[in-house]
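Shown next, in C-alpha cells, is the structure this report addresses.
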Ligand code: ADP
Ligand code: MG
C-alpha cells in the first residue's frame with residue numbers, strides 16, 4: 001500500500017529566500033508524524049505545500065498515490081481528502097457552528113442539508129461540543145473554536161489531517177482539550193501530520209518526529225530517539241530551549 005503522503009526533494013523559495021531545501025518525508029496510513037523546529041524553519045510552508053496552498057519549486061508530493069505536482073492533476077479533487085487546521089481557527093464568523101460544519105459539505109461534496117447536518121452533529125459530538133451547534137464562533141472559547149475547526153475538517157471525511165500549531169493561540173488552560181481530541185483521533189487511526197511545540201504530545205502520540213531547521217530535516221525518527229536522545233547538536237540546542 002502506498003503511503004498517504006510521499007514527499008521527495010521538496011524545494012520552495014519565496015523570491016530569493018530558499019525556505020525548503022530538499023525535504024523527503026513519508027507518512028504511512030494511520031501514522032502520526034509531528035514536525036518540530038524553530039520559528040522560521042519552514043514548518044508551515046511544508047504543511048502548506050502538502051495541500052498545495054503553496055506551489056513547490058522542485059520535488060514531488062503525492063497524497064494517496066496522486067501526484068499533486070503533476071500539472072494534469074485535479075488539485076481541488078485531491079484536496080478534498082485533506083483536512084487542515086490552522087493556529088487561528090479560521091471559522092466563518094457570520095455562521096453558527098452547525099453552518100460552519102455544513103457549508104463545505106454541501107458546496108463541495110454536494111451533500112443534502114439533512115445528511116450534512118447529521119454528519120456535522122456526529123463530528124460535534126466527537127469533539128465534545130454537541131451542545132454548541134447553534135452558537136456563534138464569538139460565543140465560544142478559543143479551545144472550543146479550535147475543536148469546531150477540527151470537527152469541520154472531519155466532516156469532509158479526510159484521509160489525512162494537517163495541523164499547523166493548533167494550540168499555539170490558546171490560553172494554557174484550553175490547550176489540553178484540543179490535544180485530547182487530537183489524541184483521540186490518533187487512536188482512531190487517523191493519519192496526521194502535526195506541526196507542534198507541544199513536546200509532551202509529540203512524545204506520547206507521534207510515531208515519527210521530524211526536527212526541521214533552516215529548511216532541512218535535521219533529524220527524524222521515533223520520539224524516544226529524536227526528543228529523548230537527539231543525536232544532532234542543533235536538535236539538542238532546540239530542545240534545551242523548549243523543554
Ligand atoms: P515556520 O512555520 O517554521 O515558522 P514558515 O514556513 O512560516 O516557518 O516560514 C519560513 C520562512 O519563509 C520564513 O522566513 C518566512 O518569513 C518565509 N515565508 C513564509 N511564507 C512566505 C510568503 N508567503 N512570502 C514570503 N516569505 C514567506
Ligand atoms: Mg509556522
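Every number in this text was worked out from the coordinates using simple rules, so none of it is lab data. Because the structure is predicted, anything quoted here is derived from the model rather than measured. Methodologically, a virtual Cβ is constructed for each residue, glycine included, from the backbone with ideal geometry; neighbour enumeration extends over all protein chains shown.
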DSSP bridge pairs, the chain: antiparallel proportion in percent, nearest 5: 55
As I understand it, the value is the acute angle between the Cα axis of helix 233-242 and the longest principal axis of the Cα atoms of the chain; what does it come to in degrees, rounded to 10? 40
Roughly how many nanometres apart are two label points built 7 Å out from the Cα toward the Cβ at residue 80 and residue 173? 4.3
Please report the base-10 log of the normalised intensity I(q)/I(0) for region 142-234, using a Debye sum with one equal scatterer per alpha carbon and no solvent, at each q in 0.13, 0.16, 0.21 (1/Å). -0.47, -0.70, -1.09
Gain on full stretching of the segment that runs from residue 90 to residue 60 - 0.36 nm per residue minus C-alpha separation: 8.0 nm
Taking Cα centroids, how far is region 132-166 from region 198-236 in Å? 27
Helix 113-126: angle to the longest alpha-carbon principal axis of the chain, degrees 0 to 90, nearest 10? 60
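Which semi-axes, in whole Å and largest first, does the equivalent ellipsoid of region 56-120 have when worked out from the alpha carbon gyration tensor as the square roots of 5 times its eigenvalues?
Working: eigenvalues 162, 49, 16 Å².
They are 28, 16, 9 Å, listed from largest to smallest.
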Given R₀ = 35 Å, what would the calculated FRET efficiency be for residue 14 paired with residue 72, taking r from the Cβ atoms and rounding to 0.05? 0.85
Which value, to two decimals, describes the C-alpha radius of gyration of the chain once divided by 2.2 N^0.38 Å? 1.01
Convex hull volume per residue in cubic angstrom - Cα atoms of region 89-216: 124
Which value in Å is the Kirkwood Rh of region 1-122 over different Cα pairs? 16.4
So if each residue of separation counts as 0.36 nm, and I subtract the Cα-Cα distance between residue 2 and residue 241, what length gain in nm does that give? 82.4 nm
Please pull out the direction-averaged projected area of region 90-157, using the convex hull of its alpha-carbon atoms, in nm² to one decimal place. 3.9
